[in-house]
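**Student:** The structure's right below; bear with me while I get my questions together.
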Amino acid sequence: MATPTPTTPAAAGTTRPTRRLWVRGLLAALAAVVVNVVLFLVAGAAGLEVLVPDPAAADGSSAPLVVGAVAVASVVGVVAATVGRWVHLRFTRWPEAVFTVGVLVLLVLSFAQPFLVAVDASTAARLLLCLMHVVVAAAVLLFLGRRETLTA
């Protein structure tokens, strides 16, 4: 007696690899949050205060960056990269190369953000923010940059 086969190719193997991709994304987010929070706390203990625009202030004043914002920003970056990785695996011919180049291009572009947005921050604080961007990109490439297909 023959076993039934899935009716669509996508149904044959996307559940497990997609789950693995999201698990690796979760691990990347955890790694990025831990490293960035440690960097932030060490910099704070050394007396570095990171000032960012206060979204609640109508006059455009700055407020100190808080540890929760560091964690949230790290997670948002990794979630966006995980979705991007899924799209690349699903729809591009060379997903590893396209994803890696995309992450590196976005990393370089992200270096402008601390200098354009955090206008009241010191140079050391801006460099700390750039280092945090490198941490997120490194976690993304380490955990999500591996060769994988969605039809394992």
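**Student:** Just the residues that are modelled with pLDDT of 95 or more and either within 16 Å of Val117 (Cα to Cα) or touching a strand residue (DSSP E or B) at 6+ places or on another chain (Cβ under 6 Å) (or both), please, taken from region 29-69.
**Tutor:** Matches in region 29-69: none.
**Student:** In this structure, does Val136 turn out to be β-branched (Val, Ile, Thr), farther than 21 Å from Trp22 by Cα and at pLDDT 95 or above?
**Tutor:** Working: β-branched (Val, Ile, Thr): yes; farther than 21 Å from Trp22 by Cα: no; at pLDDT 95 or above: yes.
Spelling it out, it is not the case that Val136 is β-branched (Val, Ile, Thr), farther than 21 Å from Trp22 by Cα and at pLDDT 95 or above.
**Student:** Right, something else. Enumerate the pairs (first residue in region 22-50 and more than 18 Å from Leu129 (Cβ to Cβ); second residue anywhere and modelled with pLDDT under 95 and basic (Lys, Arg)) with beta-carbon separation below 8 Å, excluding pairs fewer than 6 apart on the same chain, so at least 6 apart or on different chains.
**Tutor:** Cβ pairs passing all conditions: Arg24/Arg146; Gly25/Arg85.
The values are calculated or read from the model by the stated rules, or taken from the named source; none is laboratory data. Here the structure is a predicted model, which means the values were calculated and not measured. Note: ideal-geometry Cβ built from the backbone for every residue, glycine included; neighbour counts use all protein chains shown.
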